[in-house]
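Each remark here refers to the structure printed beneath this line.
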Ligand SMILES: [Zn+2]
């Protein structure tokens, strides 16, 4: 008769084998850039294997955690980098629960602060967990899986109390070989003008449309300079702001830019197999 030790060894071996097979499966999956459908707000997950960059966390912790649970490997409890574009609730609201449920490696933010309960809680949890927070500065680069995320905007540190948070949103460019993305937070025309004047290369394939498709963003000059093939609009169905606006949608379609909206498609996923191959787009509700 086979003893307990025999069965234990077999079980241990199978668990071990399953765990390592899963790890290999995770590490060989293509790089993903996922525009999460978080309702009215922004949250973008860039992932390769067990390494992640999360840009914003949408308005709700519950939604954000459910979305991350869907895409992150189940044993992975660390997000290496969080970029908080600006301190509005529809961008940082969900990050509080992210910090409570995941280890956050680092945060990149502007110096902008907001006198709201949600901003205070986001600031407090970073202090409590001693999460290193770096100030976004033009030209800063973050290595990610042999590629780079570059901070395009703002140019320098933002005064905590100074004015318009939307126009101080972090704008970042991400290049994966022949594929390029521009993430624009909630910038409007004044910030777009500054970026155009900076001489930064913002010509990309995939553009996250600024400020949920507001008519005060996506100026003709900015769209001409970015000249994307695909424009992603992160927006909640029937939101009270009227986003995305008719004006912005018309500017995009008149340039034959393919429009992808989270309120229509759900999560919008770019899967990038190799640097010299175009990323493939799929959607998931
Ligand atoms: Zn917003």
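What about residue 107, is it within 29 Å of residue 178 (Cα to Cα) and in contact with a helix residue (DSSP H, G or I) (Cβ under 9 Å, 6 or more places away or on another chain)?
yes
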- request: Evaluate segment 261-279: report whether one residue or more is in a loop (DSSP other than H, G, I, E, B), over 21 Å from residue 43 (Cβ atoms) and in contact with a helix residue (DSSP H, G or I) (Cβ under 8 Å, 6 or more places away or on another chain).
  value: no
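In segment 29-40, is there at least one residue being within 16 Å of the ligand (Cβ to nearest atom), assigned to a strand (DSSP E or B) and within 16 Å of residue 145 (Cα to Cα)? Lay out the reasoning, then the answer.
Taking segment 29-40 and keeping what is within 16 Å of the ligand (Cβ to nearest atom), we get 35-40.
Filter once more, so that each one left must be assigned to a strand (DSSP E or B): 35.
Filter once more, so that each one left must be within 16 Å of residue 145 (Cα to Cα): none.
No, that holds for no residue.
Return a yes/no flag: does segment 180-199 have any residue that is assigned to a loop (DSSP other than H, G, I, E, B), surrounded by fewer than 17 Cβ atoms within 10 Å (Cβ to Cβ) and out of contact with any strand residue (DSSP E or B) (no Cβ under 9 Å at 6 or more places or on another chain).
If we filter segment 180-199 for residues that are assigned to a loop (DSSP other than H, G, I, E, B), which is where we start, we get 184-188, 199.
Those still in the list that are surrounded by fewer than 17 Cβ atoms within 10 Å (Cβ to Cβ) too: 199.
Now restrict to residues that are out of contact with any strand residue (DSSP E or B) (no Cβ under 9 Å at 6 or more places or on another chain): 199.
Looking through segment 180-199, at least one residue is assigned to a loop (DSSP other than H, G, I, E, B), surrounded by fewer than 17 Cβ atoms within 10 Å (Cβ to Cβ) and out of contact with any strand residue (DSSP E or B) (no Cβ under 9 Å at 6 or more places or on another chain).
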message: When you check residue 25 against the structure, is it more than 20 Å from residue 280 (Cα to Cα) and without any contact (Cβ under 8 Å) to a residue 12 or more places away in the chain, yes or no?
response: no
message: Criterion first (farther than 23 Å from residue 236 by Cβ and either surrounded by fewer than 14 Cβ atoms within 10 Å (Cβ to Cβ) or in contact with a strand residue (DSSP E or B) (Cβ under 6 Å, 6 or more places away or on another chain) (or both)) does residue 13 satisfy it?
response: yes
statement: Log entry, pairs with first residue in segment 175-191 being on the phi > 0 side of the Ramachandran plot, second being more than 16 Å from the ligand (Cβ to nearest atom), beta carbons closer than 9 Å, six or more apart or on different chains, reads 177/147; 177/272; 177/274; 177/275; 177/276; 177/277
- request: Filter segment 207-237 for residues that are surrounded by fewer than 14 Cβ atoms within 10 Å (Cβ to Cβ) and within 16 Å of the ligand (Cβ to nearest atom) and give the result.
  value: 237
- prompt: So residue 24 clears everything in (1) within 16 Å of the ligand (Cβ to nearest atom); (2) more than 17 Å from residue 182 (Cα to Cα) except one condition, right? Which one?
  reply: (1)
task: Would you list the helices (runs of 4 or more DSSP H) that sit entirely within segment 84-140 and hold 1 or more residues that are in contact with a strand residue (DSSP E or B) (Cβ under 8 Å, 6 or more places away or on another chain) and within 20 Å of residue 174 (Cβ to Cβ)?
output: 89-92, 95-101
message: Condition first: more than 16 Å from the ligand (Cβ to nearest atom) and under 16 Å from residue 252 (Cα atoms). Now tell me which residues in segment 183-206 satisfy that.
response: 203, 204, 205, 206
message: Suppose we filter segment 141-166 for residues that are within 16 Å of the ligand (Cβ to nearest atom), touching a residue at least 60 places away in the same chain (Cβ under 8 Å) and not in a loop (DSSP other than H, G, I, E, B); how many remain?
response: 1
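A short reminder: the numbers here are calculations on the coordinates, not readings from a lab. If you're wondering where the values come from, they're calculated on a predicted model, not measured in any experiment. Cβ coordinates were reconstructed from backbone atoms using ideal geometry, including for glycine residues, and neighbour counts include every protein chain displayed.
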